[in-house]
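**Student:** Just dropping this structure here.
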Amino acid sequence: MFQKDIETMPRNKIEELQLERLKWLVDYCMKNIPFYNKRLTEAGVNAEKIKTLKDIEYIPFTTKADIRDTYPFGLFGQPLKNIVRIHASSGTTGKPTVVGYTKNDLENWSDCMARLCAAAGTTDEDIVQISFGYGLFTGALGLHYGLEKLGATVVPTSSGNSEKQIMLMQDFKTTALVGTPSYAQYLGEKAREMGVADKLHLRLGLFGSEGCTIEFRDQIEKTLGLFATDNYGMSELMGPGVAGDCRERCGMHINEDHFYAEIIDPDTTEVLPRGSQGELVVTTLTKEGIPMLRYRTKDITQIDYEPCKCGRTFARMAKIKGRSDDMLKIRGVNVFPSQIESVLMTFDEIAPHYQLVLTRKDYSDRLEVKVELADSSLLENYGALEKLRGNIHHSLKTVLGIDTKVSLVEHQSLERSQGKAKRIVDLRNQDN
Ligand code: DLL
């Protein structure tokens, strides 16, 4: 274990620490963040009011909209002088969700990550290839510093360039692979195609950032000959490092000294009894850069508080069952249909009818955006049609950060719905 004293604390000690930190956090937010000061004052909450962990329920929820409304730095708890790193992920509009880290935050992040990597079975003997994209996305750098802290040898290949990734895996005798489960499976199949699958030395997979069923995990394990683990996180909370599998794989251990988790009913927002399935709400207990009070993750899961066979006492959250909003995760990138809609609506040549078709080829997600023309006569002008298609494709790429296939279809050809429009056709699981 990376920090055994902490990871095996008795439950009453964990809860004592959480309460102490929660009081600190409320006070910190009151003093440093005008947005929270106003919210908490309006709700009549201050640090004195928090006497037990249950008193967290006096605190209003924070949502992605709050981050959007205070873009870019309005929820930061420190001046930029003390912020040493910024990351971002897609927001519900064209503007990203921006998060900042102080030096202490980065230390804590690396500790959280190192714990989870150790729990999954990584050691300082491992050579770990990171195939998450490096950049504003939290995945690559999050794992990177945690693994270095653990003493593993990090190979920051980033994503893409798959043949080279496989060549390096062979040459460096890479023992562990970090990435999305779908990219890992793709690499495995590519290695097979190249006839080198049996020449790899992989023994461990540290996967996350998108859902992965146990069946798909079995498949990846077979293709790559490794033991696959899952880890969960999100930019708003820290990035990866919130929770992760140990070798028992009976739920992902939540780093409870840094995060306080609740499960709520997403419709009524009522806090549900322990063990129930619902939406995960997380409060960051130590973050200074951009602390989150009762952040609604929209991810559906359940939490088991029984100590684990591995010896860790931190609660375990089940694999994510889905989301309570319409966010799509495409090749590891968060995409909101509303972002696409706002891009489409800027084009006069198209009608306000569109459909998003998701498929998976070579274990990579594809997004086709089908858009209806406002006037079908454009179909007779190939040049103008191609120009329009190109412009839409370019605008979508600028906003979403990923490539899409844009198909322009005849006026009135997309199915109309009587009720809620069915804009998303997700065929990804059928193709796998
Ligand atoms: O995906 C952070 C991360 C990076 C986690 C690398 C694990 C490994 P975001 O890009 O902000 O952050 O996306 C967060 O991705 O709300 C979930 O819906 C989904 N997600 C993350 N991890 C998992 C997982 C990173 N293990 C959103 N299983 C979250 C299922 C996951 N979904």
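**Student:** Compute the projected area of the convex hull of the Cα atoms of segment 55-145, averaged over all viewing directions, and report it in nm² to one decimal place.
**Tutor:** Working: hull surface 32.6 nm².
That works out to 8.1 nm², a quarter of the Cα hull's surface.
**Student:** Step through the residues of segment 292-309 one at a time and calculate ³J(HN,Hα) from phi using the Karplus curve (6.51 cos²θ - 1.76 cosθ + 1.60, θ = phi - 60°), rounding each to whole Hz and writing x for Gly and Pro.
**Tutor:** Result, ordered by residue: 10, 9, 6, 6, 7, 6, 6, 8, 9, 7, 9, 10, 10, 9, 5, x, 9, 4 Hz.
**Student:** Give me, ordered by chain and number, the residues 5 or more places off Thr97 or on other chains with an amide H under 5 Å from its own placed amide H.
**Tutor:** Amide H neighbours of Thr97: Ser89, Ser90, Gly91.
**Student:** Also: Would you mind getting the accessible area per residue of the chain, heavy atoms of the protein chains only, 1.4 Å probe, in Å²?
**Tutor:** 44 Å²
**Student:** Taking amide H positions as placed in the peptide plane 1.01 Å from N, state which residues far from Thr8 in sequence (5 or more) or on other chains have amide H under 5 Å from it.
**Tutor:** Correct list: Thr313.
**Student:** Could you please put Ile214, Ile59 in sequence from largest to smallest accessible area, using a 1.4 Å probe?
**Tutor:** Numbers: Ile214 85, Ile59 5 Å².
Per-residue accessible area, sorted high to low, gives Ile214, Ile59.
**Student:** Kindly report, to the nearest 10 Å², the accessible surface of Arg323 as traced by a 1.4 Å probe over protein heavy atoms only.
**Tutor:** Surface open to solvent at Arg323 totals about 70 Å².
**Student:** How would Tyr354, Tyr305 line up by accessible area, probe 1.4 Å, largest first? Kindly include the intermediate steps, with their values, before the conclusion.
**Tutor:** On the way: Tyr354 10, Tyr305 45 Å².
Descending accessible area places them as Tyr305, Tyr354.
**Student:** Something else about it: Please report the accessible area of Asp326 (heavy atoms, 1.4 Å probe, ligands and nucleic acids excluded) in Å², nearest 10.
**Tutor:** Result for Asp326: roughly 80 Å² accessible.
**Student:** Next question, about the same structure. Translational diffusion coefficient, Stokes-Einstein: compute it for segment 230-301 using the Kirkwood radius over C-alpha pairs as Rh, at 20 °C and 1.002 mPa s, and state it as an integer in µm² s⁻¹.
**Tutor:** Numbers: Rh = 12.6 Å.
Answer from the Stokes-Einstein relation: 170 µm²/s.
**Student:** A further question on this structure: Out of residues 5 or more away from Lys298 or on other chains, whose amide H comes under 5 Å of its own, with H placed 1.01 Å from N in the peptide plane?
**Tutor:** For Lys298, the qualifying residues are Leu280.
**Student:** Still on this structure, I have one more. When only C-alpha pairs under 8 Å and at least 6 residues apart count, what is the relative contact order of the chain, in percent?
**Tutor:** For the chain, the relative contact order is 14 percent.
**Student:** Just by accessible area at a 1.4 angstrom probe, what is the order of Trp24, Trp109 from largest to smallest? Could you put the intermediate results ahead of the total?
**Tutor:** Working: Trp24 100, Trp109 10 Å².
Result of the area sort, largest leading: Trp24, Trp109.
**Student:** When the accessible area of the chain is computed with all protein chains present and a 1.4 Å probe, what percentage of it is carbon and sulfur? Let's see the in-between values first.
**Tutor:** Numbers: 9490 of 19020 Å².
It is 50 percent, rounded to a whole number.
**Student:** Now, a different point. Could you quote the convex hull projected area for segment 284-327, Cα atoms only and averaged over all directions, in nm²?
**Tutor:** Numbers: hull surface 18.2 nm².
Its Cα hull, projected and averaged over all orientations, spans 4.5 nm².
**Student:** Okay, next question. Please give the Cα centre distance for segment 272-313 versus segment 59-104, rounded to the nearest Å.
**Tutor:** 20 Å
**Student:** Would you compute the Debye intensity of the chain from its alpha-carbon atoms alone, equal scatterers and no solvent, and pass along log10 I(q)/I(0) at q = 0.10, 0.13, 0.14 Å⁻¹ to two decimals?
**Tutor:** Log-scaled intensity ratios, in q order: -0.74, -1.19, -1.33.
**Student:** With viscosity set to 1.002 mPa s at 20 °C, what whole-number translational diffusion coefficient in µm²/s follows for segment 1-156 from Stokes-Einstein and a Kirkwood radius over Cα pairs?
**Tutor:** Values: Rh = 17.9 Å.
Once the numbers are plugged in, D ends up at 120 µm²/s.
**Student:** Tell me, what is the percent relative contact order of segment 294-432, built from C-alpha pairs under 8 Å that lie six or more residues apart?
**Tutor:** Details: 197 pairs, mean separation 31.0, N = 139.
In percent, rounded to a whole number, it is 22.
The values are calculated or read from the model by the stated rules, or taken from the named source; none is laboratory data. Just so it is clear, the structure is predicted and the values come from calculations on it, not from any experiment. Side chains are part of the model used for accessible areas, which takes the heavy atoms of the whole protein and leaves out ligands, DNA and RNA. Shrake-Rupley method; radii C 1.70, N 1.55, O 1.52, S 1.80 Å.
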